[in-house]
Amino acid sequence: MTARATVSDSVDELQRALADDAGFESWYRRTLPRVYSYLVSRGGGDVALAEELTQQTFIAAIDQRSRYDGRSDTITWLCGIARHKLADHFRAIERDERRQMRMEVRQIEFSQGPRADLGPEDRTMIAEILRSLPASQRAVLVFVALDDLPVAEAARLLGKSRGATESLLFRAREAFRRAYVAESPDD
Amino acid sequence: MTDERIDALIRRLDVPSDPDPAFERSTYAALLSRVRAARVTDASRIGSLQRDIRLIVAGARRQSVAAPLGVVGAVVLLILATIVAFAIVGAMNRSIPNGPLIVSVRGELQAVDTRNGTVRNILPPGNDTRGVSRSPDGRLVAFWTIGGGSARLYVVGVDGQDRRELGADLHLGWTDAIDTWSPDSRSVATEVVIGIGPARIVVADVVTGAARIVTPPGLAAHAPLWSLDGNWIAFAEQTGAFRSLAIIRTDGSGMRTISGDLSGVAGPDTWSPDGQWIYFSNNDGAIYRANVPGAFTQRLTGNDLAAFAPTSSPDGTLISFIVNRSDHWDLYVANSDGTGARQLLEHATNAGWSSDGRYVLAEWTPSDQPGGLAVIGPDGRGFRVVLPFGADCSSGSRQSCTEGVGWGQPRP
């Protein structure tokens, strides 16, 4: 199959999906779990957040359908949109955190302690640790570790310079390491 | 612990998760109206051209990875794409891709291919079907039968298969109102009487056949109309002689009046695509729209036209409606704010818009010939009879020979 044929087939796939209700339903049922899974894992297991961002992703996909150029399959394209929605979310949370940091420093110090009932490699614990990190650190870990993006691409998504993002990634890994060791000292 | 170990731990989060079925359903319903609106836009000349240019540009960009194409080549491709796009648009103008038009003619349930006028029977003769409506996805037909002193509501595939009764345990009584489908084509809302009580709105699941009453007991509720996001049903609520416009969630909660102190509301006729407005007429022959979040109304037609039965075009820019001429109706079209009203077709009533927004469906009954179900573009072009009426329809004793028309469209 030629590159041109692949591009054309992919564009056709989206056109078929939007051409009638039956095509849309079939495409939606196939792609929804993939987009949702992508967002649940990267949102620290937060179901409400994943549902909200999943909806936003599909709405953006329909509104921006003319931008789809067929160079990837539609699921990859949808996950790309979802990644931008996640980045927007992390940026918004980061702004809120900055505002609240000044007011709630005492409450943060008295936050709940480590959970001893979780095994060292439990996904729930990893998600909890990830969720406990500041939004900017969580975001850079999600994009670099989970999505395997280059630092420069993560920097673009987060609206930061490359140097600032590298520094952020360093701090994020340090914070994750500290929290993980505290939760599972034997590891 | 190394950076690689940390990244590996985080990657363990990347596992499949199943979305909650309720979330899946509600999101689907919410997206469906957007997809339909997108479809209308893409069917336009500009939308089609944009799509084809995008495809060519993407192809040229991809090609350049293997072998640089150059600007001249890209321009040539663009010109070719434009020619192809206009050819495609020309071909589209010759067809009406809106699914089968379902009609009941003398009680016989039929599917009409509006592109070539071919007609096929959906059910064997003798079913005496009425009150026909078609699901938005084009797969199912809802209809009523009256016989043996009772009315029954059925749904059947457009291929005549898988017929089942809806709401059998409620002993529904038909009120001659037009049924309305949920946007996901999974439920039908209908106005019924149950026993000796007032008219109620009932929602029936077309898969299980189970039906439930939505409106409160004791309240007379008429003419249901499903919202495009699938969450609300608009209807006319009647308290004594006062008849106003209300909305209610499909689970029966959140009911509120949205037509202010205006009375004489005939019933909701269409929601605007953005869900902000509901178009309707009142008994005095004026067309209004009610703002859903603001609960206020705007009058759209003046005293010079006795106007009724408005429907919004799928893209929300136009409305079609009918004007009373004493001995017949004329079909009109206007901008969605009521300005620019103009006559579209004489001796015709309004049966709603095609899904792609390119045609208004009309029951055309001229005085000198039988007429028929016809389509006409909102600019007055493309008039075509898609189902001729029989000769007995010209006698003047009936406005039409159909017992119901369903094209998946809201209709007044």
### Summary
Note on the range A:117-174: residues farther than 25 Å from A:LEU78 by Cα, at the interface with another protein chain (Cβ under 10 Å from one of its Cβ atoms), of a type outside the set (D, E, K, R) and assigned to a helix (DSSP H, G or I) are A:THR124, A:MET125, A:ILE126, A:ILE129, A:LEU169, A:PHE170, A:ALA172
### Query
Does A:GLN112 count as in a helix (DSSP H, G or I), at pLDDT below 75 and polar (S, T, N, Q)?
no
### Query
Here are some residues: B:PRO293, B:PRO314. Which one is more than 26 Å from B:TRP407 (Cβ to Cβ) and out of contact with any Leu (no Cβ under 9 Å at 6 or more places or on another chain)?
B:PRO293
### Summary
By residue number, the members of the range A:10-57 that are over 21 Å from B:GLY99 (Cβ atoms) and either outside the structural domain of A:ALA92 (by TED's automatic domain parsing) or aromatic (Phe, Trp, Tyr) (or both) are A:TYR36, A:TYR38
### Message
Please determine whether any residue of the range A:83-100 is closer than 23 Å to A:ARG178 by Cα, surrounded by fewer than 18 Cβ atoms within 10 Å (Cβ to Cβ), at pLDDT below 60 and in the same structural domain as A:GLU25 (by TED's automatic domain parsing).
### Response
no
### Criterion (assigned by TED's automatic domain parsing to the domain that holds B:ALA177, surrounded by fewer than 18 Cβ atoms within 10 Å (Cβ to Cβ) and aromatic (Phe, Trp, Tyr)) met by exactly one of B:PHE296, B:PHE321
B:PHE296
#### Entry: B:ASP179 in contact with a helix residue (DSSP H, G or I) (Cβ under 9 Å, 6 or more places away or on another chain) and surrounded by 19 or more Cβ atoms within 10 Å (Cβ to Cβ)
no
### Message
Given the criterion within 8 Å of chain B (Cβ to nearest Cβ), farther than 26 Å from B:ILE10 by Cα and at pLDDT 75 or above, identify the matching residue among A:ASP20, A:ASP12.
### Response
A:ASP20
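Condition check ((1) within 14 Å of B:PRO224 (Cα to Cα); (2) part of a loop (DSSP other than H, G, I, E, B); (3) modelled with pLDDT of 90 or more; (4) not assigned by TED's automatic domain parsing to the domain that holds B:ALA30) across all residues:
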position: B:ASP169; (1), (2), (3), (4): no, no, no, yes
position: B:ILE178; (1), (2), (3), (4): yes, yes, no, yes
position: B:PRO183; (1), (2), (3), (4): yes, yes, yes, yes
position: B:THR190; (1), (2), (3), (4): yes, no, yes, yes
position: B:GLY195; (1), (2), (3), (4): no, yes, no, yes
position: B:ARG200; (1), (2), (3), (4): yes, no, yes, yes
position: B:VAL207; (1), (2), (3), (4): no, yes, no, yes
### Message
Which count do you get for residues in the range B:132-167 that are of a type in the set (Ser, Thr, Tyr) and assigned to a loop (DSSP other than H, G, I, E, B)?
### Response
1
### Query
Condition test on B:PRO268, is it outside the structural domain of B:ALA38 (by TED's automatic domain parsing), in contact (Cβ under 8 Å) with a residue 40 or more places away in the chain, in contact with a Leu (Cβ under 6 Å, 6 or more places away or on another chain) and surrounded by 15 or more Cβ atoms within 10 Å (Cβ to Cβ)?
yes
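The values are calculated or read from the model by the stated rules, or taken from the named source; none is laboratory data. Source: prediction; values computed, not measured. Neighbour counts are summed over all protein chains in view; Cβ atoms, including those assigned to glycine, are modelled from backbone coordinates with ideal geometry.
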